[in-house]
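What follows is calculated from the coordinates using simple rules that are stated; it is not laboratory data. Please read all numbers here as calculations on a predicted model, not as lab measurements. Ideal geometry is used to build each Cβ from the backbone, glycine not excepted, and the neighbour counts take in all protein chains shown.
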Amino acid sequence: MWEISPKQWRVYCGSSRPSIEKFRRRYPGVNLAWEGEPAIDWAARYQETVAPLCVGRRFVVLPSEKIESPWKERISIRLVPGCAFGTGEHYTTASCLRAWEGLPATPKSVFDVGCGSGILAVAAFLDGCPRVVACDNDAEACRVANETAALNGAGVTILTGSAGDVDESFDCVFANILAETLAEIFPDLCARVSPGGFLIGSGISSEKGTDINNIAIASALEVFDKRSDGEWWTFTWRKQSPLSAGS
Ligand SMILES: C[S@@+](CC[C@H](N)C(=O)[O-])C[C@H]1O[C@@H](n2cnc3c(N)ncnc32)[C@H](O)[C@@H]1O
């Protein structure tokens, strides 16, 4: 549906012509006109319009299999146009990658909870993390994440499920999930972080920042970094290691 002006709309109906008479009876005040148009290959048109997207200092997202990066010094993350969240355009995804760049050293293991397209997991692998596990409770997201990993030659293990379905702990855990879900699964997320490791949490709307941070503090995490665009928060919390807790 295309808004030409506040009172004029163009509605694309695919190949089946809708019943204009039925519509007229239902909305008698609306002027209706019908015209045929040649079919448009929207997928091909999308591919023509997409461009590389620089994210943070180190990454560039290539949202199509065809385009090349002009920034050879940046790590390219190639995405399959799919329906999973995580194109790099949304603040929460981009700020997770910036938070990752701010870690003191490259983590040796990463767990991406709510991986969507797989963008964060793949970025971590391509940036030198040797062990990357990702999960999503949406099977379709996992399918797309597997495709993203294959397209980038990234060795990422992808599971359908959530933070509670894994026993291991990791140097860094990503969780770009809405605040309500974060609050719900926080004990599982926290249990996945190794002592001294980091939890990068995003998807936290501005008014929920304090609540979620209080949950983190009560779970013996401390704020390492926080960033916001006024609408969303991204926190990096650090789990105390037994040594730092005792000192
Ligand atoms: C906002 S997207 C983030 C995608 C990607 N990680 C990014 O940063 O762009 C959140 C993802 O979390 C998944 N999700 C929601 N609740 C979940 C849960 N309890 N456990 C695992 N995944 C979950 C959704 O299916 C969705 O793919």
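A few remarks follow.
- Rough spin-label spacing in nm, given labels placed 7 Å along Cα→Cβ, for Glu207 and Leu32: 4.0
- Along segment 116-130 the Karplus relation, 6.51 cos²θ - 1.76 cosθ + 1.60 evaluated at θ = phi - 60°, assigns HN-Hα couplings of x, 5, x, 4, 6, 4, 5, 4, 4, 5, 5, 8, x, 7, x Hz to successive residues, with x for each Gly and Pro.
- Segment 55-107: C-alpha pair distances exceeding 14 Å, %: 57
- Pairwise FRET efficiency - Arg25 versus Glu89, Cβ, R0 = 45 Å, nearest 0.05: 0.60
- Around Asp167: net Lys/Arg minus Asp/Glu count, Cβ-Cβ under 15 Å: -1
- With viscosity 1.567 mPa s and temperature 4 °C, the Kirkwood radius over alpha carbon pairs of segment 98-246 converts through Stokes-Einstein to a diffusion coefficient of 85 µm²/s.
- The sum of -39500 (n - 2.57) across all DSSP H runs of n ≥ 4, divided by the residue count of the chain, sets its helix-only mean residue ellipticity at 222 nm to -8500 deg cm²/dmol.
- Two-site label geometry, Ala39 and Thr157: point separation in nm, points 7 Å out along Cα→Cβ: 4.4
- Restricting segment 46-138 to trypsin sites (Lys or Arg not before Pro) that sit in a DSSP loop and have at most 15 other Cβ atoms within 10 Å of their own Cβ leaves Arg57, Lys66, Lys72, Lys108.
- Here the gap between Ala191 and Tyr12, fully extended at 0.36 nm per residue and compared with their Cα-Cα distance, gives a gain of 59.5 nm.
- Counted charge near Ala123, where neighbours are those whose Cβ lies closer than 13 Å (Asp, Glu -1; Lys, Arg +1): +2
- Residues whose placed amide H lies under 5 Å from that of Gly118, excluding near-sequence neighbours: none
- Exposure proxy ranking, count of Cβ atoms within 10 Å, fewest first, for Thr160, Thr49, Thr93: Thr49, Thr160, Thr93
- Loop sites in segment 78-157: GluC sites (Glu not before Pro), DSSP, at most 16 other Cβ within 10 Å: Glu89
- Point-to-point label distance, Ser64-Asp167, nm (Cα→Cβ direction, 7 Å offset): 4.7
- Once the Cα-Cα distance is subtracted from the 0.36 nm per residue extended length, the Ala220 to Thr49 segment shows a gain of 56.9 nm.
- In units of the compact-protein estimate 2.2 N^0.38 Å, segment 3-123 shows a Cα radius of gyration of 1.58.
- DSSP bridge pairs, the chain: antiparallel proportion in percent, nearest 5: 45
- Here the contact order of the chain, divided by its residue count and restricted to Cα pairs under 8 Å and six or more residues apart, works out to 13 percent.
- Springs join every pair of Cα atoms under 10 Å in this Gaussian network model of the chain, and among Val60, Val144, Val50 the largest mean-square fluctuation is at Val50.
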